[in-house]
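Have a look at the structure below, then the notes.
Read-outs: derived from the displayed coordinates by stated rules, not from any lab. None of the values given here were measured: they were computed from a predicted structure. FYI the Cβ positions are ideal-geometry reconstructions off the backbone, even for glycines, and counts take in every protein chain you see.
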Amino acid sequence: MTSQEFTHKTQELNNLLFAFALRLTRSRQDAEDLMQETAIKAYKYRHNFSEGTNFKSWISTIMRNTFINHYRKAKTRRHLNQPADAVTENIEVNNVVANSGEQNLRMQEMKRMLNSIGDIYSVPFLMFYKGYEYQEIADQLNIPIGTVKSRIFSARVKMKQMIGERRAA
């Protein structure tokens, strides 16, 4: 497709494409931006258009995909409404003193729970928690790997039950 053919076909569909862009974006300015970006992409890839196929569908698909990609990017990115310097300045000014009191209470509670389930379950569980692999735990405790997995699983189940009981109380 030549540049002139592309321009002619795009101009014929201009009103229809703008209406589609407006329906997607719900904003006149965003629709104009989407139209422009679609035209650029379509022109760039005009050699991929197969003669004899529907040009309106082809360019509408490009517009829809462009809109979806922008929507996904905007959804995942966080936009700052102020310069980065102001944000970092606010962070530095509002220094917070670290308080590990709540974390210490939770750890004490976890240790009490581990002690209540017995060493047969708590030792493999703690080793796994500290980063040991199943085989290392099995070798160190002189038990089969399946037993290690079973005991860790059982420890998790028992701990979950205890946590559930405490929340219910």
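Data for the structure
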{"item": "Paramagnetic reach from E12 (point 7 Å along Cα→Cβ, amide N under 14 Å) across the stretch 36-76", "result": "51-59"}
{"item": "Cβ-defined net charge surrounding W58, 14 Å radius [Lys, Arg +1; Asp, Glu -1]", "result": "+3"}
{"item": "Trypsin sites (Lys or Arg not before Pro) restricted to the stretch 3-84 and DSSP loop, no more than 10 other C-beta within 10 Å", "result": "R26, R77, R78"}
{"item": "Relative contact order for the chain, counting Cα pairs under 8 Å that sit 6 or more residues apart, in percent", "result": "15"}
{"item": "Vicinal HN-Hα couplings computed from phi for the stretch 104-118 (Karplus, 6.51 cos²θ - 1.76 cosθ + 1.60; Hz; Gly/Pro x)", "result": "5, 4, 5, 5, 4, 5, 5, 5, 4, 5, 4, 5, 6, 8, x"}
{"item": "The stretch 23-43 and the stretch 128-157: distance between their alpha carbon centers, rounded to Å", "result": "57"}
{"item": "In Hz, Karplus ³J(HN,Hα) per residue of the stretch 62-67 (6.51, -1.76, 1.60; θ = phi - 60°; x = Gly, Pro)", "result": "4, 5, 4, 5, 5, 4"}
{"item": "Cross-link table K130/K158; K44/K75; K130/K160; K75/K160, entries beyond 24 Å C-alpha to C-alpha", "result": "K44/K75; K75/K160"}
{"item": "Inter-probe distance in nm under a simple model that places probes 7 Å from Cα toward Cβ, at Y134 and Y43", "result": "6.0"}
{"item": "Total formal charge among the other residues, if their Cβ is under 13 angstrom from that of Q11, Lys/Arg +1 and Asp/Glu -1", "result": "0"}
{"item": "Neighbour-count order for H8, H70, H47, fewest beta carbons within 10 angstrom listed first", "result": "H47, H8, H70"}
{"item": "Cβ-placed point charges (K, R +1; D, E -1), dipole of the chain about Cα centre in debye, nearest 20", "result": "660"}
{"item": "Principal axes of the stretch 101-163: Cα extent on each, largest first, Å", "result": "37, 21, 14"}
{"item": "Rounded to whole Hz, the Karplus (6.51, -1.76, 1.60) HN-Hα couplings of the stretch 148-162, x for glycine and proline", "result": "4, 4, 4, 5, 5, 4, 4, 4, 4, 4, 5, 5, 4, 4, 5"}
